[in-house]
Amino acid sequence: MLKKMARIAALAAVTALAGAGLQDAAQAFPDKPVNYIIPFNAGGESDISARLQQPYFKTVTGQDLIVQYQPGAGGAQAWSVLNDQPGDGTTIMGTNLPHIVLQPLLQNPGYATDDLTNVYMFHFTPDALIVRADSKFKSVQDVIDAAKEQPGALTAGGSATNSANHIANQRFANLTGAQLTYIPYTGTGATIPALLGGEVEMLWAYTTVAAGQGDKVRMLAVAQDERHPLFPDVPTFKELGIDMVGGAYRGIAVPKSTPEEVRKELSAIIGKINADPAFINQMEQAGFAMLNVPYEGMDAFMAERKAYYEGIAKELGSAK
Amino acid sequence: MNGEQGNRDVAGFAGSLFFLCTGLFVFFESLTLSPLAAAFPRTIGATLAGLALLQAAASLTGRSGGTMETGAAAGRHADGLGRKLTMIATMVGWALLFPLVGMFVTSLAACLILMATGLFERVSRGRLAAYLAGVTAMVAAFYLLMSHVLNIPLPRGALF
Amino acid sequence: MAVDIGFILSQALSPFNLLLAVAGVVLGTVIGALPGLSATMAIAVLVPFTFAMEPASGLIMLGAIYTGAIYGGAYAAILVNTPGTPSAIATTFDGYPMAKRGDGDLAITLATLASVFGGLVGAVLLIAFAPLLADIALAFQSSEYFWLAILGLTLIASLSSGNVLKGLIGGAFGLTLSMIGVAVIGGDLRFTFGVPALLGGIDIVAALIGLYCIPVLIDMVARPDRHLEPSPLQRGFRIFEALGICAANLFNLVRSSLIGTLVGILPGAGGSIASLVSYSEARRASRHPERFGTGEAGGVLATESANNATVGGGFIPTLVLGIPGTPPDAVILGALLVQGIRTGPELFSQQSGIVYVFMAGLVIATLLMLPLGLVIGRYAYRFIANTPKAMLVPAVAFMTVVGSFAIHSNPHDVAVMVAIGIFGWLIGLAGYGPSPIVLGLVLGQIAEQGFMRAYMIGGARGNFSGQLLLDRPISLGIFALILITLCVPLVKRLRAGRAAAGGKGGEARP
């Protein structure tokens, strides 16, 4: 009883706080600022893309998008409490693939992949094989030849164990027979000095790394269907006959209690932002690749990705 | 707690027993890990256990040596035991309850208990009222700073 | 430098930008002084506001907050024995003993002067040599980080002069704590006992708050006497006394600032290692190493100049290479990206205007710390010394809870903080200090990952010993420093023992 009354009181307080927003609300949703929880540290790629979305969200909806951070355990700390958040559309959370598939597969992170209600997947950073600008490797074929000559002698850095980079390395080995020794680092940022300083011969990283490092690095190939607009000269793996398309996908999820129509509204809003030419240009300049998986198409997309990652995770040898 | 005054090495011995167990646990747990993840725990576990064994022997033979930085607290640990236990109990309760009850209410309650714990002399009623107001204002001010300025999602829990 | 200096200064010194710098330094100092609230958090919150400003104004404000926050960490370290930020860990070693005996005002003035000095050294090196120095970030690889972490761990031996064995045990226990969670190399779950909340490991800041703060709180309520000795006389800022100490420690200041800048350049090292290494070096070079840890002014000067020098140092790889040197740098780098500013060597030649305005702003913010810090510091010390315990105890306790929650917005961190704190108090009774544990926790992951990566790469190339040490001149240099740090006290003790051998055998104990 007391609990209920307190809830009502708290609710009343919240509504009162949001009162100013209610008056000029032209739209049904959102009628107050939306909290956007990033399950990683500020300054990472998830944060940068959220920061880029922020102003467009304001233009599209008239409401503020407030970015909050809840980092920990590679995102698991935030994802494990997503469903405890209020389900009125005022709380959304960034989700990342393959993290949300691999973590429950390999550990017990406190949530299951299906606990997360993904609403929209808006972009991905395609896997890329990157070497230093002065490297002797000019093409993917050079790498394959060298790796076949001395299996395991070449080192490829990447972010963490059992991550998107680790998967790319494994998939590459499966498809080409080139064995590289994968060296895990803490985060993509830490891999860059390792490459530039010569500790590793190459990196499994993303197009965003190549965009940030400019002419100090050379990208040998990208794991996209078509060439990235920022790198028209870099071939895709597919062109080279290696069937690799993928990377780290980003999207948003809502608590399970969020009503169906709010999920659809959110999906429409993100879709609108994602269609803005100025936004697309900003994202592509930073190296991101646009993707549009709205709420309606989410189930099929997730099912396809899950099957893909589950197969690879077994080969990494640590799946339960 | 091994806090008897008689032999000053008893506390040191109990401490080294704890570290010995931890070291052994870490060492044997590491046997179940993959080789890359096990190397460091195995080394450190063995080192910890070995050092703790030496320390245990030193404590029993009275060659334990002096105490460190905060070791001075050991001599006067009997002072204000009730207050110390209140402090510990309050902190534990605070940490466990605030996600359920709510940050504001739990913190206010805990701060008031600690205020009473920190009162050593009789104070006038006016002073007490000032303290009460001060503690309440502090909790409220920091709560607002955290939730509204720094955008930290503080748990509201069942109450507030 | 083909840059219009007049234009830069007029930009950086515009009244609005100056006002922002003042506000930034004050805000940063306050946030840095509160344990758990970090520079990263303050900057992240303010990033959206800076989008509405001129890029230069926004950047000046972010830089000012960052500088202020690193400096502010010293307050909590000196006045409450709790480092407000990890980079102030070593400041507690001598700062708190000074405050305890009534020299808190002096300690804060010293910390202010050292911070300004270190900040200026870092900023000047950033402005003058950034493109050159950035290559240092690339010369340090896994094996160098491993040896750097070991160098930091040798500090345990000097910190625990009373009982080296207990210090080493504490350090090993700290290393054990650092392993909890998902192993970065190997991917295994280690020592999580099936608790999902432990997947991310023990947060360093939560452990720091617990280990240093909870024992202080428990001691505070145990006895009715004052928390700090109030200054017996109205001695003002004691600035001339402090300047005298600085002059006597000039070499220490310069060395610590250079160490700070250098370590700041290394991505993945950061302020905590910078201040620990420079503290260790200051102690080794001192004529009175035994005074360190009991309220030696040189210790405060070393750590505070080093950690503020990391600010300028950290921007070197951030601006030149696009590799953030510290977590706050990562946020500022993100803000730059969103503003459409590309980092890289060309930043210094082409779009130079804004970068130099930013760096000039950093210098101005550092200089502003001097008057602002002295004034804030004076009142902070008096305030803490004169606040009755009935107010101080709940205030400090509330900060520990809210602060450890704020790190990740996670209740588990609070539970970890309280549990580790009570544990720290208990083993304190058995004579184990908190600092070795914290050192182990802070340096454990750097040491493990550095070693394991060198092992894996050495394995792939068939040359492990070369990869770890023999083929790497910088590693050999750090290794030599480690040997000196460990051996010099031993030699000294042996000599002292030989001299005393005529009188009585063995070592003298108090």
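Brief remarks follow.
- Global geometry of the protein assembly as shown, whether rounded, prolate or oblate, following the gyration tensor of its Cα atoms and the 1.5 cut on a/c: rounded
- Between A and C, accessible area buried - total, square angstrom, nearest 100, 1.4 angstrom probe: 3200 Å²
- Residues of the stretch B:13-39 buried by at least 10 Å² of accessible area upon assembly of all protein chains, compared with the chain on its own (1.4 Å probe): B:15, B:18, B:19, B:22, B:25, B:26, B:29, B:33, B:34, B:36, B:37, B:39.
- Accessible area of residue A:134 (1.4 Å probe, protein heavy atoms only, ligands and nucleic acids ignored): about 120 Å².
- Solvent-accessible surface of the protein assembly as shown, taken per residue with a 1.4 Å probe and all protein chains present: 38 Å².
- In this structure, the residue pairs whose Cα-Cα separation is over 22 Å, taken from A:216/A:238; A:58/A:264; A:148/A:314; A:238/A:314; B:84/C:389; A:256/A:314, are A:216/A:238; A:148/A:314; A:238/A:314; A:256/A:314.
- Rounded, prolate or oblate (a/c below 1.5 giving rounded, otherwise prolate when a/b exceeds b/c) for the stretch B:81-149 by Cα gyration tensor: oblate
- Placing C:220, B:138 in order of accessible area, with the largest value first and a 1.4 Å probe, yields B:138, C:220.
- Computed over protein heavy atoms with a 1.4 angstrom probe, the accessible surface ordering of C:22, A:119, largest first, is C:22, A:119.
- Chains C and B together bury roughly 6300 Å² of accessible area, counting both sides, with a 1.4 Å probe on protein heavy atoms only.
- Our coupling estimate for the stretch C:454-460, obtained by passing each phi through the Karplus curve with A = 6.51, B = -1.76, C = 1.60 and θ = phi - 60°, is 4, 5, 5, 5, x, x, 5 Hz, Gly and Pro reported as x.
- Largest first, the residues A:256, C:389, A:216 sort by 1.4 Å accessible area into A:256, A:216, C:389.
- For the residues of A:54-60, the average number of beta carbons from a partner chain within 10 Å of their own beta carbon is 1.
- Estimated at the nearest 10 Å², the accessible area of residue A:31 is 50 Å² with a 1.4 Å probe.
- Cα gyration tensor shape for chain C, rounded if a/c is under 1.5, else prolate or oblate: rounded
- Helix A:298-316 axis versus longest C-alpha principal axis of chain A: approximately 40°, rounded to the nearest ten.
- DSSP beta bridges fully contained in the protein assembly as shown are about 65 percent antiparallel.
- Shielding by other protein chains, C:459-471, mean Cβ within 10 Å: 2
- Carbon + sulfur, % of accessible area of the protein assembly as shown - ligands and nucleic acids excluded, 1.4 Å: 64 percent
- Where only DSSP H runs of four or more residues are counted, the protein assembly as shown gives -20500 deg cm²/dmol as its mean residue ellipticity at 222 nm, each run worth -39500 (n - 2.57).
- For the segment B:145-158, counting C-beta atoms of other chains within 10 Å of every residue's C-beta and taking the mean gives 6.
The values are calculated or read from the model by the stated rules, or taken from the named source; none is laboratory data. Every value quoted in this text rests on a predicted model; they were computed, and no experiment measured them. Reconstructed Cβ throughout: ideal geometry from the backbone, glycine too, with neighbour counts over all protein chains shown. We work out accessible area using only protein heavy atoms, side chains counted, and drop any ligands, DNA or RNA first. Shrake-Rupley method; radii C 1.70, N 1.55, O 1.52, S 1.80 Å.
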